[in-house]
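What follows is a set of notes on a single structure, which appears directly below.
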Amino acid sequence: LKALEGFSLEERLCLHSFLEIFSLTQDTVLLHEGEETQDMYFILEGECRILRSSLDLGTIAKGGHFGELGLVAGRPRAATIIASRPLEVARLTLKQYQIMMNKEPNLALHLTQALVGTLGFQLTEMTDSMSLLLQQRSLPRRTTVKITTQGETRLVSTGTAMASILPEEIDGAIVVAALLNQKAVSL
């Protein structure tokens, strides 16, 4: 498991005693977005899909984990998790985590530190991706663009709908597309 890479064999065996291991069939929903549950999951075998507001955000495969914010911070589920193939998972419930904190405080601290490290890495990746996306969207940012329609060139505001610029018909034919940067684009 990726989150436990820095753990000793003794720590892994001790952590195992706090986990519940079970299997799920393909297409089983493990978590629903918005749920108030507080369990964390480690994927031992298989793969899950992550859906947020019906948007497919990707997968979590063997060695991955999810639910740490529910466990540590009590946050509602940010996504729906569905088994995309048969799945074997290890669940750490809030109750077992609390027992671990009392019986094995060093293990609980090490686990929490590993999870925070993973979250920090994910946050850095996400902000780097967002920064790149925003730079690409804003670099050649113009307020007007030059267009040519029926041989006439003029400036229009960026974001103007093509349908509002073009005539409805040309020589009796209905206009259904335009050339945008030399590519045909449907209206």
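The values are calculated or read from the model by the stated rules, or taken from the named source; none is laboratory data. Small disclaimer: the values here were computed from a predicted structure and weren't measured. Quick reminder, even Gly has a Cβ in these numbers, built from the backbone with ideal geometry, and neighbours come from all protein chains shown. The protein model used for the area step is the full one, side chains on, heavy atoms only, and it has no ligands, DNA or RNA in it. Shrake-Rupley method; radii C 1.70, N 1.55, O 1.52, S 1.80 Å.
Overview of values
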| read-out | value |
| --- | --- |
| Given (1) surrounded by 18 or more Cβ atoms within 10 Å (Cβ to Cβ); (2) in a loop (DSSP other than H, G, I, E, B), number of the condition R75 does not satisfy | (1) |
| Whichever residue in the stretch 157-177 is assigned to a strand (DSSP E or B) and modelled with pLDDT of 75 or more and, among such residues, is most open to solvent (accessible area, probe 1.4 Å) | I174 |
| Contacts under 9 angstrom Cβ, first residue in the stretch 45-63 being on the phi > 0 side of the Ramachandran plot, partner open to solvent by 80 Å² or more (accessible area, probe 1.4 Å), 6 or more apart | G46/S23; G46/Q26; G46/K62; G46/R85; G46/P86; G63/K2 |
| Test: residue in the stretch 48-69 that is modelled with pLDDT of 95 or more, in a loop (DSSP other than H, G, I, E, B) and open to solvent by less than 40 Å² (accessible area, probe 1.4 Å) | no |
| Selection count, the stretch 110-128, where residues are open to solvent by 60 Å² or more (accessible area, probe 1.4 Å) and either within 15 Å of L15 (Cβ to Cβ) or part of a strand (DSSP E or B) (or both) | 1 |
| Identity of the residue in the stretch 97-109, surrounded by fewer than 18 Cβ atoms within 10 Å (Cβ to Cβ) and in contact (Cβ under 8 Å) with a residue 24 or more places away in the chain, that ends up farthest from the chain's Cα centre (by Cα) | E104 |
| Residue, surrounded by the fewest Cβ atoms within 10 Å (Cβ to Cβ), within the stretch 6-26, restricted to residues that are of a type in the set (D, E, K, R) and over 22 Å from G70 (Cα atoms) | E10 |
| Filtered residues of the stretch 45-74 (kept if aliphatic (A, V, I, L, M) and over 13 Å from L30 (Cβ atoms)) | L55, L57, A61, L69, L71, V72, A73 |
| Selection from the stretch 72-85 of residues that are within 24 Å of R12 (Cα to Cα) and either touching a residue at least 40 places away in the same chain (Cβ under 8 Å) or among the charged types (D, E, K, R) (or both) | V72 |
| Complete set of residues in the stretch 27-47 that are surrounded by fewer than 15 Cβ atoms within 10 Å (Cβ to Cβ), charged (D, E, K, R) and over 26 Å from A108 (Cα atoms) | D27 |
| Hey, E11 closer than 23 Å to M101 by Cα and modelled with pLDDT under 90 or not | no |
